[in-house]
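Working notes for the structure below.
The values are calculated or read from the model by the stated rules, or taken from the named source; none is laboratory data. In this text the structure is predicted, and so the values were computed from the model without any measurement. FYI the Cβ positions are ideal-geometry reconstructions off the backbone, even for glycines, and counts take in every protein chain you see.
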Amino acid sequence: MNYITALCPHCKKELQLPEDAEDIVCMYCAQPIHVKSLLSKTEPAADDDYQRLMEEAFSLLKDESFIVKNGFKNVKQNVYPAEFEKYNKLISPALKAYCLAAAGKDEAPDFFANVLFDRFQKKIEESGIKKESDARLFEYRYMIVAFTVPAILEQHTPAAEALADSFLKVWNEHYPKNPLGKSNYDTISSGFRKKLCFITTAVCSSLDKGDDCPELNAFRRFRDGWLAATPQGKAKIGEYYLFAPMIVSGIDRADNRQAVYREIWENHLSSCLKSLEDGNPRQCAEQYEEMMTALEQKWLS
């Protein structure tokens, strides 16, 4: 069940309202509330309230929310749900205060997005990262896509959606070679559970190849066998689970999606498959990595 943060129209105290509820009673003042009517006409925060709530949101941001911990180890099927819950609890108080402040304030998403970006940028600089080519920057991309953006979207408010969009815009303008896309918890955790091959599945589907086609099965065996056994293999598989759904989503919104998928097959996946057939999985891995880099820069920016 999804919940929305809102103020009681009678006593003005903060409530967590079930998104699909119709009528409830305020737990503080016992007055009846029609939920859908309240959510459809969220009152803009008064200037004094806006300033106070923004200051509260800023003060509630903990340094720990911007520090990479355990790198890729936290983005695995068996640990991701618990790690995300911990991160969400850490940053959620600040995000709730932001959502209350942002109601009806057009400038709020851009303002708070820059606050979040500046906090990440401070940690990046403290890490000694000076170039986009620094491999350590990828760990921050990983963290933001797997934890920060999904935590923002877990607020389930228009202000949260706007904040995620604004933050991604700021990041992508600053790091055009390392772009990010919008991700949510359900999509990421579902990808781990189902062991999906997002891009290869989308490409094969566009070519009228079934889910059990020889091409897809070859890529799955490569992923679960050779690639998973390499030192960085599980991290790479985690990367694909995170970024591939966003790439596919971007392509699916394009008018020429069929042509795009055919181009991916002709320029990337067919040669990857040929490498596998020739008994050269290492070359396949390198070709797949080149494909992911190109697609991320084109479809996430």
Just checking, does the stretch 195-204 include any residue being touching a helix residue (DSSP H, G or I) at 6+ places or on another chain (Cβ under 8 Å), outside any helix (DSSP H, G or I), of a type in the set (Gly, Ala, Ser) and buried (at least 17 other Cβ atoms within 10 Å of the Cβ)? no
Filter the stretch 104-140 down to residues that are free of Cβ contacts under 8 Å to residues at least 24 places away in the same chain and of a type in the set (Asp, Glu) and give me whichever is farthest from Trp171 (Cα to Cα). Asp106
Criterion first (under 17 Å from the mean Cα position of the chain (by Cα), in a helix (DSSP H, G or I), in the same structural domain as Tyr80 (by the TED database) and free of Cβ contacts under 8 Å to residues at least 12 places away in the same chain) does Glu161 satisfy it? yes
Could you grab me the full set of residues in the stretch 225-266 that are closer than 15 Å to Val203 by Cβ, without any contact (Cβ under 8 Å) to a residue 60 or more places away in the chain and either surrounded by 15 or more Cβ atoms within 10 Å (Cβ to Cβ) or in contact with a helix residue (DSSP H, G or I) (Cβ under 8 Å, 6 or more places away or on another chain) (or both)? Tyr240, Ala244, Val248, Ile251, Asp252, Ala254, Arg257, Gln258, Val260, Tyr261, Arg262
Of the residues in the stretch 89-108, those that are of a type in the set (D, E, K, R) and either buried (at least 23 other Cβ atoms within 10 Å of the Cβ) or farther than 22 Å from Phe66 by Cα (or both) come to Lys105, Asp106, Glu107
Which of the numbered conditions does His156 fail, given that it passes all the others? Conditions: (1) in the same structural domain as Ala57 (by the TED database); (2) in a loop (DSSP other than H, G, I, E, B); (3) surrounded by 15 or more Cβ atoms within 10 Å (Cβ to Cβ); (4) modelled with pLDDT of 90 or more. (3)
